[in-house]
Every structure is written in structure tokens, then in C-alpha cells.
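S.K.: This is the structure, below, for whatever I ask next.
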Amino acid sequence: MNFKNRDILSTRDLTREEIDYILNTAEKFDKNPQEFSDLLKGRILALVFYEPSTRTRISFETAMKKLGGEVISLGAVEASSIAKGENLSDTIRIVSSYADAIVLRHPKDGASKLAAEVSPVPVINGGDGAGHHPTQTLLDLYTMRKENKLEGVRIALVGDLKYGRTVHSLIYALTFYSAKITLVAPEELSMPRDIIEDIKRIGGDIEETSDLKEVIPEVDVLYMTRIQKERFPDPNEYRKVAGIYRLTPELLESAKEDMIIMHPLPRVDEIDPRVDETPQAKYFEQAKNGIPVRMAILSLVMGAL
Amino acid sequence: MNFKNRDILSTRDLTREEIDYILNTAEKFDKNPQEFSDLLKGRILALVFYEPSTRTRISFETAMKKLGGEVISLGAVEASSIAKGENLSDTIRIVSSYADAIVLRHPKDGASKLAAEVSPVPVINGGDGAGHHPTQTLLDLYTMRKENKLEGVRIALVGDLKYGRTVHSLIYALTFYSAKITLVAPEELSMPRDIIEDIKRIGGDIEETSDLKEVIPEVDVLYMTRIQKERFPDPNEYRKVAGIYRLTPELLESAKEDMIIMHPLPRVDEIDPRVDETPQAKYFEQAKNGIPVRMAILSLVMGAL
Amino acid sequence: MNFKNRDILSTRDLTREEIDYILNTAEKFDKNPQEFSDLLKGRILALVFYEPSTRTRISFETAMKKLGGEVISLGAVEASSIAKGENLSDTIRIVSSYADAIVLRHPKDGASKLAAEVSPVPVINGGDGAGHHPTQTLLDLYTMRKENKLEGVRIALVGDLKYGRTVHSLIYALTFYSAKITLVAPEELSMPRDIIEDIKRIGGDIEETSDLKEVIPEVDVLYMTRIQKERFPDPNEYRKVAGIYRLTPELLESAKEDMIIMHPLPRVDEIDPRVDETPQAKYFEQAKNGIPVRMAILSLVMGAL
């Protein structure tokens, strides 16, 4: 399988075989990181971030540096000041003449597609608009697989399913693995109908509820997401919802022993810190898994493997 | 020729022989970058930027990293916050005890000269005030030479010739190469008289016009620059001028086939994006040429060659 | 002596033997930096700065890079934007899964202790609140020792002794070396009583005065600190004090020939720039000494020595 020079814009462009190949590669890096410490020596990765995303940025930066490569970075402030006088495609053209690959973060849907069209080097979508964030989805899948909770798994996606970029991207990939998906959200934040219809059309097993408590004993994976105050015009309404969708050790008492809890982070109030101590809590592991997954993607698109 | 520990403050301090030597060195890096990937291993370059200049910064950073060196960076915000409590010379003294060379960007004319006086390590002027930007001039010359358009060339400098730092620096260097220079600017933005007199005194071949259309068929190099709205008290006046000095494929129809178009970038409206597809468009190449030129300068002043 | 995985939170946690061991290690790096240029190859240092501190940041960054290691950095702006949605301990947990050590700068006392509790990798306090800044103290001690002015030395601490984090941290360490300490401050900025009592209780030799002039001929080390305008409600009061505690070549005429002047920098008006030319001025040397001292600390806590 050859990923050299390939853009990574959305997991929806990837087949199951391609996803598995990336996850297998990530596993190799995870097991023997030292073996690859000079793999990208002399290569340069450009991070072009038009909006701040510290976590995504330092995760890519760490991955690149663990492979012996170097990073140049256009920060959010600079990028926006560039933006004043220059269009995205000019910036990408110049940066692509300096670097061997580009990670782009941009507030607008489709920005990474536009960038990929003008760039002679591969572009990795580090999140654009409400659309896609493929490396987040790949690390989510990697985490599930590592915990032996991927094929045919029962998974609940919980919280803000209306605006959450992460879950929109993940849900499609889950259908490759015959996952049984339960959507758990308050009505105000439920998954868009067109996505649900889409998933059903491609044969996905999906149901909806608003009752977190009832779902917990059933599932193998509990994928929590943040519920943002700004989504609610009425603060009382927010408080009510936030209270119901807050995971506590008490709620977890009915969970399967080997169930795992995931969260794309940062979390705010939706997971009680006491949950961190439970064996089910895997969200910090999940963040850590971003490193081997991004090492795999960088090495593959730069043709180093 | 020995550049070790030499400050690069202005191209006017350089002889033609020295410029040629730098360009020859850049050519070596351009042809075989891999050969030099460990040349500056263990060395540290400090970027001290008192005003933002993303392009200059990432170009130097890329050049240093392609040579195996490391970069430490004082960004614009930090530098200005330092500036509150500390004078430039204290900052330079400390940074020069950490690094093997310094690139300084500063809003005031002469700042890099002051820095060079207190620094035991070489200082490279990354642009100070309206004065000098020697590495930009060197990459301009390198681009012209690479395109076989330097010795005795007919060149038009177009746009804002009054405030444009780039053209003020380039015009002197062009006289070394017996270039025939045509200045093309609206009256409000014409080249300062003292520079024109200076160039004539040293034997330069120089003439002035405000008619871009008439000049295009004559020249080998069309060096475009940005016309900034802020220079015009009357927005109507700006629109009129911007319209006249906008390069389009239609205007280019009368151009020589092997003419080249340059621009220090970022461009705004002065070059129609459709021009990018013409064979004459060389401005992205020009930006790319900044890397080998800066690799050459860094290696030379650090005494690694 | 084994420092592997040890947090460096305060010099008060260190014994004299441990401090000496760190200073001895720093001396090795100072004498033969090249010998250690690959010592931390493949390791990553995370700089997590919740308030700007350019000097501390680039000093650690330089130290890490001189050892062949890599740096990832959460800047002040990013860190504070993280802070909005996420607590310090979550940030540290994630960063510690990417990096081999963390340097934390934080406005609150005790932040680095909290970070150390959740981090599996060593945490180095890069300054927290009014509390501690151990690497500054270690580089101060290293500078004194290098100048042969540590054991039994007569030292004056001058300026803002009330709020100055640096002197609060240094004064305790000095008692290990039987220093004779004179505190020189205006009444408004005198050393807190509890610290003075503490030092006396552990047998420290300490006295107070407000007369800088009288002290100069007596001492081996003159440790100056900045007096900040903001500390004074009345600007006239500030000007009076700032005038009295300003070091000039004239004031230095009565000093011992081999006396040394130190300052944590940045200085503002408290040292006349003409003093820079005197043989006693050692503050730029002191800043430079931050590099080998931080190289030593990084290598020790990462277990590379």
C-alpha cells in the first residue's frame, strides 16, 4: 500500500484496508519508537494553523521530532495576519516550497482541500471547520483497537452530537467495523438527521436515546464529548443538561468491568475527576496514542516507509 | 574569501566579488542540499524579531534546519515586551551568549548596526526600518542569475518605489551587473531623488516612467511590488493607481517570451492570479530561492565552509 | 548521586551536597559542551509557560538543544487559553505523555508542586508565583563559585527584597556556604521579617541597612535587583529611591578590585550602562552561566548521566 505524497483530508476518503494499514503502522511505532528515531531526519513538517489548537499542534510536533524530523510553524496570530494581505493558496504555495508536508488547521470547511490542490507536498487536515479531523478519528480507532474494543463493539457517543466535529468524523469510520452505535444526547444537541440517514443507508447499526444512565451497562465503549455552555440560550437549560450528562463514579457502578471511557479532550465538567482513577478511564491513554498514529501518518505520506 | 564572523547588514557593504561568492555558494546548496544536512549540527541560530515577518522568519528557520542546526526564537510580542524594560543592546548581549549567529528584524533604521557592535557573534540584518534587507536582495539577484537574467539585463522596478525597502536595496546591487533600470511608478510613489542621483553618480543606467504598458515589451525582468492603500489619503486616488499597476495576462501579451516576473511577496492585487499560470511568473520560485541563499549566508558567517 | 526522575521544585529541597553535585556537573558542561552534543538525542523537553518569561524559556531551550534534544512549547497565550477550559493537572498529564521532562512557569505559588504530583516525568519549576525559581538560584551560585566568591563570601543583596523572587530563593542557599549577608533596601521594600528570622534560626549571618554607599567597600559580591515603579503609590517616592539604589562607576570607586556585580536581569535603571565596562560587571556572564547549569539539570533529571 502506497501513501507517498497522498493528502489526508478526511477518513471518508480512506478504505477499511487503508485505515487498518495506518493503524498497523502506528502499532509498530508504538512498540519500538526508538527504532525510528532517524526516519525523518532532514525532513521538515510545516504546521500552518489559522486557529489555535495547542493539543493538535504539539502532538504533531512531538510525532515529527520523535522521528528525527524538524518543524516550522505558522502560528494562529501570524497566519491570521498573513491572511489579511494574502490568500491561503499563496501561503500554501510558499510553505510547500520549504517543507516536505503540511498540517493545516483552518476555521473553514474545505480549506484543506483547497490547500491540497495547490501544494506539491502532501497536506494533512488538522481540522477544518465543522468538517473533518481525520487524525483524531484515526487515533480514536487506534485506541479502541489497542483496547480490543473495535470489531463489532457496542459504543455510545455521548454529549454534543450536533456540533461535535469529532463524532461526525468517527461515526462513519465505525461502520467499517460493524460497531453497534448508540447516540446519547439531549434533544437540542442531537446528531444531524442527514448523518443518521447516511449511516443507516450504508448499513450502520444505530439507535438514539437521551438517557445516559440506561446506556451505561450495555456498552463496551463510552465516548464522551464536551457540552458547551454557548450552545444554550438559557443558562438554566445548560445547567440541567450538563448535570445529566456528567459522568461520575456512581453512574459507572453499573458499567461492564472492561468497558472503556474515551474523550477527545479537553474535558470540562462532563467527566468527574474522580473517574480518572477508575480502570475504565482511557482518555489520557487516548491522547497519548495520538503520537504513534501521527508518526505513522507523517512517515507514510512522506514516503519514508 | 572569508566571511567567518562577518555581519551582514547591507548589500552596500559587499563588493561584487563577495556577492558572486555568496551566490556561487547558494548554487551549491541549491544543487545538493542533502550533502550539507549536518553542516551546522550543534550550532544555534537566534531569531530576534521586533516586528512580525513570518516569511523571513520561516525562511531562515528552514535554511538553518536543513543544515542540521537549531533555532531559538524571540517572537515579535515577546521582543516588544522585553523592549519595555530593556534596551536592544542588553537583549543582544544575552542572546549572543546563547547562539552562534543572530538574525535581527527591527522597525528602526540602524538597529542591526547597533546590535552588531555589541554582539560577539555575527548579526544578519533581517530587515531594519526602511533601510536594508540584504538577504532579500541576495535572493533576488540569485533568482535573476539562475534565470540567466542578471548581467546587462533590462529590468523594470514597478509599483511603490518610494517606501519599498526591497527595491531601494536591490537597485544599488544591480549597478554591479550593468543592468539597465527603468523605474515605473505613479508620481506619488516615485523613487527618492537622492537614490536616483546616487545611482547615476556611480554610473548606473536609469530612467523613469509612469507607463507600465509601454515598458513591458522592452524588459527582461519585471520586478513588481505592492502598492499599499495606506499611502494614499484619498481612496479614489488609490483605486486609480492600483488599477493601472495591476499586472494581467492581457498586459503580458506584448512581453518577451523569456521575460521573468518577480515579486518579493506577499502580493495583494498587483498581480492577477491568472498570471501565476504563465511561464513568465517566477515569484514563487523566487521565494523558494530564499532557502539556498540563506543556507549560504548562515554557513559562511558561522565559518562552516 | 541519582537525580533521575527527580522534580526540581525549590532549592530548599536540596542538600548542600546535592547542590554541589549539580554545580560540578554544570562545570563539566561549561568546559566541554561539544562532548555532550548528543546526550539527550531523541528526548523531548516540554516548556509549559502560563506567563511570559522569554529569558527563562530561551535559556532552557538553548540548553536542551545544545544537548541534541528537542523542545515542544506551550506559550503563554496558548497556555492561558487552555486554562480557560482545562485545569493545570489535565494539561500536565497530557504533556507528560509526550515529553521526557517538563519546565513549568506559572503565576501561582505551588503550581509546580501540583504538576509534579500528576506527572510521571520530572517537573522543573521555572518560576511559580512569588515562591521559587530554583534554576535561577543554581546559576547564581554557579556564577559565584566560578568567580571564586562563594564559600564564606560577604554578599550584599540590594534593591527590592520584599517582592523579589530571586533573592528569597538565593538567601536560603547562601547559608549552606556560610555567606555573610547584608540586606540593602529602602524600608518600603525590605526583606520580609519571617525570612530574616528563618535565616537567623538556621544560623545565618545576616544584617540590614538602607545605605548602599556604605556597604560597597565591604563586600565581595554585590547582588543588584530591579526596583519596580509599580511598587510605589507616589512617583516622587519611587524616583528618590531609584536614584539612591542606582549603581554608577562613581559609587564603585570604593569597591574591592575583585568584587563582582550580579543581577538576574533584565535591568532597567539600577545599573548605569557605564558599569558594564568595569571588570566587576559579571551580570552578562551570569546570564550565560544559565546554559551549563540548565544543561546539567536536564541531563540529571532525565537520567542521562
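Every number in this text was worked out from the coordinates using simple rules, so none of it is lab data. Note that the structure is predicted; figures quoted are calculated from it, not measured. All Cβ positions, even for glycine, are placed from backbone atoms using ideal geometry, and neighbour counts span all protein chains on display.
S.K.: Report the percentage of all Cα-Cα pairs in the stretch C:142-219 whose separation exceeds 16 Å, rounded to a whole percent. Walk me through the numbers before you get to the answer.
M.R.: On the way: 1425 of 3003 pairs.
Counting pairs separated by more than 16 Å, the tail of P(r) holds 47 percent.
S.K.: While we're on this one: For chain C, divide the Cα radius of gyration by the Kirkwood radius and give the resulting Rg/Rh value with two decimals.
M.R.: On the way: Rg = 19.4 Å, Rh = 20.0 Å.
Here the Rg-to-Rh quotient is 0.97.
S.K.: Expressed as a whole number of Å, what is the distance separating the alpha-carbon centroids of the stretch C:170-217 and the stretch A:24-54?
M.R.: 51
S.K.: Measure nothing fancy, just the Cα-based angle from helix A:235-244's long axis to the longest principal axis of chain A, in degrees from 0 to 90, nearest 10.
M.R.: Once rounded, one gets 80 degrees.
S.K.: Largest first and to the nearest Å, give the Cα extent of the stretch B:191-305 along each principal axis.
M.R.: 53, 39, 31
S.K.: In terms of modelled amide H atoms, which long-range or inter-chain residues lie less than 5 Å from the amide H of A:Arg43?
M.R.: When sequence neighbours closer than 5 places are left aside, the close amide H contacts are A:Glu70.
S.K.: On to the next question. Could you give the dipole magnitude of chain A about its Cα centre, charging the beta-carbon of Lys and Arg +1 and that of Asp and Glu -1, in debye to the nearest 20? Present the calculation step by step, with values, prior to reporting the outcome.
M.R.: Details: 40 positive and 48 negative charges, 164 e Å.
Roughly 780 debye, rounded to the nearest 20.
S.K.: For the protein assembly as shown, what is the Kirkwood estimate of the hydrodynamic radius, computed as the reciprocal of the mean inverse distance between distinct Cα atoms, to one decimal in Å? Before the final figure, lay out the partial values.
M.R.: Numbers: mean 1/r = 0.0329 Å⁻¹.
This gives a value of 30.4 Å.
S.K.: Now for a different question. Please report, for B:Asn236, the nm distances (one decimal) from its label point, 7 Å out from Cα along the beta-carbon direction, to the equivalent points in the remaining copies, shortest first.
M.R.: Copy-to-copy label distances for B:Asn236: 5.8, 5.9 nm.
S.K.: Hey, another quick one. Short version: what are the Cα gyration tensor semi-axes of the stretch A:91-240, square root of 5 times each eigenvalue, largest first, in whole Å? Show your work: numbers first, answer last.
M.R.: Numbers: eigenvalues 194, 81, 34 Å².
For the stretch A:91-240, the semi-axes come out at 31, 20, 13 Å.
S.K.: Sequence neighbours fewer than 8 away in the same chain don't count; with that in mind, list the lysines whose C-alpha is under 25 Å from C:Lys113.
M.R.: Qualifying lysines at Cα under 25 Å: A:Lys282, A:Lys288, C:Lys4, C:Lys84, C:Lys162.
S.K.: OK, next. Check which residues have an amide H placed less than 5 Å from A:Phe49's amide H, if you skip close sequence neighbours.
M.R.: A:Leu74, A:Arg105
S.K.: Further question on the same structure: Quick check on the stretch A:171-258: what does the Kirkwood estimate of hydrodynamic radius come out to from the alpha carbon pairs, in Å? If you can, show how the numbers build up before the last one.
M.R.: Numbers: mean 1/r = 0.0692 Å⁻¹.
About 14.5 Å for the stretch A:171-258.
S.K.: Tell me, what are the semi-axes, in whole angstrom and largest first, of the equivalent ellipsoid of the stretch C:251-305 as set by the roots of 5 times the Cα gyration tensor eigenvalues?
M.R.: Values: eigenvalues 193, 31, 10 Å².
One finds semi-axes of 31, 12, 7 Å for the stretch C:251-305.
S.K.: Sticking with this one: How large are Rg and Dmax for the stretch C:1-68 when only the alpha carbon atoms are used, in Å?
M.R.: 13.5, 34
S.K.: Which residues' amide hydrogens lie under 5 Å from the amide hydrogen of A:Asp205, considering only partners 5 or more residues apart or on another chain, with H built in the peptide plane?
M.R.: A:Ile181
S.K.: Could you work out how far helix C:165-175 tilts from the main Cα principal axis of chain C, as a 0 to 90 degree angle to the nearest 10?
M.R.: 80
S.K.: For the stretch A:1-152, take the alpha-carbon Rg, divide it by the Kirkwood Rh, and send me Rg/Rh. List each step's numbers first, then the result.
M.R.: Details: Rg = 15.5 Å, Rh = 16.1 Å.
Expressed as Rg/Rh, it is 0.97.
S.K.: Once phi is turned into ³J(HN,Hα) by the Karplus curve 6.51 cos²θ - 1.76 cosθ + 1.60 with θ = phi - 60°, what whole-Hz value does each residue of the stretch C:13-25 show in order, with x for glycine and proline?
M.R.: Taking θ as phi minus 60°, the curve returns 7, 9, 7, 4, 5, 5, 4, 4, 5, 5, 5, 4, 5 Hz for the stretch C:13-25.
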